[in-house]
Amino acid sequence: MALPGTSVPSVAGPSEPASTAASESSAPAPPASAADDLHVIKSPIVGTFYAGPNPEAAPFVKVGNTVEAGQTVCIIEAMKLMNEIEADISGEVVRALVENGQPVEYGEPLFALRPTGKKK
């Protein structure tokens with residue numbers, strides 16, 4: 001019993017540097033906040049993401065395209081139904097966050113848009 005009791009303090013010692021490492025890992029978080037001016041289109045359903053209307057067709061949107069509110073940006077297949085996902089605002093597509101054919105969850109980010117009128 002004395003050996004496990006002595007091992008607890010030695011485990012507590014190394015955890016202190018780990019907590020300082022955790023505080024260091026929180027330092028990169030502020031640069032990620034630079035993307036706060038971007039609007040994210042999220043998946044409204046669980047399903048499979050498709051960038052275009054069929055495998056041979058071009059994607060609905062590409063990075064650099066400007067989209068209007070209500071424009072179809074992708075399709076999510078759920079239970080054999082093809083659901084067109086529309087942009088909820090107008091803006092420039094800055095990032096596509098999902099690969100074609102990838103499964104997506106409810107609320108998963110699909111595209112990052114720079115709203116119309118916002119500059120880099």
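Scanning for something open to solvent by less than 50 Å² (accessible area, probe 1.4 Å) and either closer than 19 Å to residue 111 by Cα or modelled with pLDDT of 85 or more (or both), does the range 21-38 turn up at least one residue?
Looking for residues that are open to solvent by less than 50 Å² (accessible area, probe 1.4 Å) and either closer than 19 Å to residue 111 by Cα or modelled with pLDDT of 85 or more (or both), one finds at least one in the range 21-38, hence yes.
Name every residue in the range 82-112 that is β-branched (Val, Ile, Thr) and under 11 Å from the mean Cα position of the chain (by Cα), in order of residue number.
Across the range 82-112, the qualifying residues are 98, 104.
Report those strands (runs of 3 or more DSSP E) wholly inside the range 51-120 carrying at least 1 residues which are without any contact (Cβ under 8 Å) to a residue 60 or more places away in the chain.
72-78, 81-86, 91-96
Would you call residue 64 among the small types (Gly, Ala, Ser) and closer than 14 Å to residue 114 by Cβ?
The answer is yes for residue 64.
The values are calculated or read from the model by the stated rules, or taken from the named source; none is laboratory data. As the structure is a prediction and not an experimental result, all values here were calculated from the model. For neighbour counting, all protein chains shown are included, and Cβ atoms are generated from backbone atoms with ideal geometry for every residue, glycine included. For the accessible areas, the whole protein counts, side chains as well, though only heavy atoms, and no ligand, DNA or RNA atoms are used. Shrake-Rupley method; radii C 1.70, N 1.55, O 1.52, S 1.80 Å.
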